[in-house]
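Values in this text are rule-based calculations from the coordinates and carry no lab data. This structure is a prediction, so every number in the text was calculated from the model and none was measured. Positions of Cβ are generated from backbone atoms using ideal geometry, with glycine treated the same way; all protein chains shown enter the neighbour counts.
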Amino acid sequence: MVKKSWLIIGAIGCLIGLGGIGAFTGFQLRGSQGRSVAQEIEVPPTIAAEVYRTPTCGCCGAWIDHATANGFTFVDQIQPDITAIKEQFGITPELASCHTTIVAGYVFEGHIPAADIRRFLAQPPAGVVGLTVPGMPIGSPGMEVGDRQQAYEVLAIHGDGSTSIFQEYPGD
């Protein structure tokens, strides 16, 4: 009975803490519906994120190192299959990469530069549910191979499943 009481108290504390984080950052979760209007908010220096990846992917760890060096902290969800989480957040095979990150209800798929995630969070575009870098382009964060740089695009994912270019990176 005592253990159950402590579990309930702990759960209530977590919920209050999450509400406080939401109030501090100005975020309101709206699931896959996205934001109804663009809004500018102050992005905290440290960004809490949850990343889903498989145990065999080394480049995911390299991307986490990149994001950590840029002020992100992670709950690292290592799972044998992350297909369900991708489907839950509308990541189709054409938009997929090797890891899926959730921040404040938004989805960030693949090797997105941390600066782009910060820029997105500072002013989330209306109707956009997240960003993706499909595939695993050489030279993107976590996919560094010497000085090689493959051209790639960071795509905004709209609530209706369509995409638009959020940022372009030229190749060599």
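Residues in the range 120-157 that are touching a Pro at 6+ places or on another chain (Cβ under 9 Å), without any contact (Cβ under 8 Å) to a residue 24 or more places away in the chain and assigned to a loop (DSSP other than H, G, I, E, B): Gln149, Gln150, Ala151. Evaluation of Asp81 against the conditions (1) in contact (Cβ under 8 Å) with a residue 40 or more places away in the chain; (2) surrounded by fewer than 17 Cβ atoms within 10 Å (Cβ to Cβ); (3) in contact with a Ser or Thr (Cβ under 8 Å, 6 or more places away or on another chain) shows that the sole unmet condition is (1).
Taking the criterion of being aliphatic (A, V, I, L, M) and under 17 Å from Asp76 (Cβ atoms), the only residue of the range 86-102 that qualifies is Ile102. Put simply, of Gly146, Gly130, Gly142 the only residue that is over 13 Å from Ala49 (Cβ atoms) and either surrounded by 22 or more Cβ atoms within 10 Å (Cβ to Cβ) or in contact with a helix residue (DSSP H, G or I) (Cβ under 8 Å, 6 or more places away or on another chain) (or both) is Gly142. For the range 90-101, a residue qualifies if it is buried (at least 21 other Cβ atoms within 10 Å of the Cβ) and out of contact with any helix residue (DSSP H, G or I) (no Cβ under 6 Å at 6 or more places or on another chain), and the qualifying residues are Ile91, Leu95, Ser97, Thr101. Scan the range 114-124 for residues that are out of contact with any Phe, Trp or Tyr (no Cβ under 8 Å at 6 or more places or on another chain) and either buried (at least 20 other Cβ atoms within 10 Å of the Cβ) or within 12 Å of Phe166 (Cβ to Cβ) (or both) and the total you get is 3. For the range 110-119, the tally of residues that are within 20 Å of Pro45 (Cα to Cα) and either in contact with a strand residue (DSSP E or B) (Cβ under 6 Å, 6 or more places away or on another chain) or part of a loop (DSSP other than H, G, I, E, B) (or both) stands at 4.
Tyr152 falls short on exactly one of the conditions (1) touching a Ser or Thr at 6+ places or on another chain (Cβ under 7 Å); (2) under 21 Å from Ile47 (Cβ atoms); (3) surrounded by 22 or more Cβ atoms within 10 Å (Cβ to Cβ), and that condition is (2).
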